[in-house]
Amino acid sequence: MLTIQALLTLVPFVLAAPLIQPRAAETIPGKYIVVLKPNGPSAGEIFADLAGGALASVRRERTYDLGGFKGFAASLSDAQVEALKGDSKVAYIEADGIAHTQAAITQSDAPWGLGRISHRSKGVSDYAYDTSAGEGTCAYIVDTGIYAEHPEFEGRATFVKDVAGSATTDDNGHGTHVAGTIGSRSYGVAKKTKLYGIKVLDSSGSGAWSDIVTGIQLAVSHSKTQSCPKGVVVNMSLGGGKQQSVNDAVAAAVDAGLFFAVAAGNDGQDFSSTSPASEPKAFAVGASDVNDKLASFSNYGRTLGVIAPGVNVLSTWNDGGNNTISGTSMATPHVAGLGAYLLGLSGPLTPAQLKSKIQSSATSGAISITYPASLGTPNKLAYNGIS
């Protein structure tokens, strides 16, 4: 397939910014994310210039200024899209779409994942870890929010903001479950990390990509105001069809120093056509079961970061109790928590250094992977290196 990048090498100049339609995605009619060229003015500075003629009635719904990633989200008519495509300050325009959590509720009682990531062999139920346990780190959960008052969080959890509404807690449960695997007292990998919930998904577990980009930006800006001397990790247990603006926002946040663990997805297919897992600077996570098999639902691919426990994972819930659910959503916080745990041990690392550390310490060849996932998917199971 001829890509936009390939087209740019074949022609000496571009007459109009491309309009990108997300692949295999649920788009939101009439809503777009407009990404500006990185070396130009900010969205706020140039919007007055853009908003002439056909654009006079455009109202920005979101504004993005995250290092090299700049732009805005707005409701646009076809004529307004065409007008923006002709503006030299616009890099590309992308239809807004919907992302979802990557989990499915099941019934089980066995919290086995912590034992698995702290031993080279399966079947060990205890969790071995260094008592530093992620102290001095901050973990951001970009999800359905967090029930910060859960006793398992021991006062270390904060609901930062609902970027799409006015909720003040997790009205779904998914985000609280993810946070518990990262850093709760009983179910967490990094039991002393500070937990920050940013709500970008609604009570049904769905949300607009434009709101998710806002959540990514908020994680970067908010973390700068907190005490996180050993580093910051971000968990994104959500996904949908490939959305370039979301990938670019994640890349900019990684460039700002934040490590991103992202769900590979639950479609049982290569994740190269999904976001944010397809972003190379993120760390995509697949799911395994208690028998060390790649979960039947888990996405896969040659650039998968690691595999982690993701079937029948017990963790915190938004009613103050616990729940057991499955998905790459549940595998990912094992790795975000592992990132916080390793930062707590070593001190600050760049995201690239932390990715390398997680991959080099992983247990190789432990997971049974069948065709077609076996074609090139790295067989590496997350491990905390305690031995």
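Take every DSSP beta bridge whose two residues both sit in region 268-382; close to 50 percent of them are antiparallel. Restricting the calculation to alpha carbons of the chain gives Rg and Dmax of 20.5, 67 angstrom. Model label points for residue 63 and residue 255, set 7 angstrom from Cα along the Cα-to-Cβ axis, are 2.0 nm apart. Helix 328-346 and the longest principal axis of the Cα set of the chain meet at an angle near 80°.
Using alpha carbons only, how many degrees (0 to 90, rounded to 10) separate the axis of helix 209-223 from the longest principal axis of the chain? Between the helix axis and the principal axis of the chain, the angle is about 60 degrees.
The residue 302 and residue 26 beta-carbon pair, evaluated with R₀ = 30 Å, returns a calculated FRET efficiency of approximately 0.70. Taking 323, 39, 299 in turn, the Gaussian network model of the chain (Cα-Cα springs below 10 Å) assigns the largest fluctuation to 39.
Database remark: amide H of residue 62 closer than 5 angstrom to the amide H of 73 (H placed geometrically; neighbours at sequence offset of 5 or more, or on other chains; Pro and chain starts carry no H).
For region 133-150, backbone nitrogen atoms closer than 19 Å to the point 7 Å from residue 227 Cα along Cα-to-C-beta are found at 133-140. Within the listed set 30, 97, 145, the Gaussian network model of the chain (springs between alpha-carbon atoms below 10 Å) gives the highest mean-square fluctuation for 30. Of the trypsin sites (Lys or Arg not before Pro) found in region 254-333, those that fall in a DSSP loop while having at most 15 other beta-carbon atoms within 10 Å are 302.
Measuring from a point 7 Å past the Cα of residue 267 along Cα-to-C-beta, which residues in region 298-319 have an amide N at less than 15 Å? Once the point is set 7 Å along Cα→Cβ of residue 267, 298-302 turn out to lie under 15 Å by backbone N, inside region 298-319.
When a/c is below 1.5 the answer is rounded, else prolate if a/b is larger than b/c, else oblate, so apply that to region 249-309 with a ≥ b ≥ c taken from the square roots of the Cα gyration tensor eigenvalues. In terms of gyration-tensor shape, prolate. Considering only beta bridges that DSSP places wholly inside region 100-381, some 30 percent are antiparallel. Report, to the nearest 10°, how far helix 174-183 tilts away from the longest principal axis of the Cα atoms in the chain, using its own Cα long axis and a range of 0 to 90°. The helix 174-183 is inclined about 50 degrees to the chain.
Comparing 322, 247, 291 in a Gaussian network model of the chain where C-alpha atoms under 10 Å apart are linked, the largest mean-square fluctuation is found at 291.
For residue 350, put the label point 7 Å out on the Cα→Cβ axis and report which residues of region 227-255 keep their amide N under 12 Å from it. Once the point is set 7 Å along Cα→Cβ of residue 350, 255 turn out to lie under 12 Å by backbone N, inside region 227-255.
For the chain, a simple Cβ point-charge model (Lys and Arg +1, Asp and Glu -1, everything else neutral) yields a dipole of about 960 debye relative to the Cα centre.
Readers should treat all values here as calculations from the given coordinates under stated rules, not as data from a laboratory. Values in this document were obtained by computation on a predicted structure and should not be read as measured data. Positions of Cβ are backbone-derived with ideal geometry, glycine not excepted, and every protein chain shown enters the neighbour counts.
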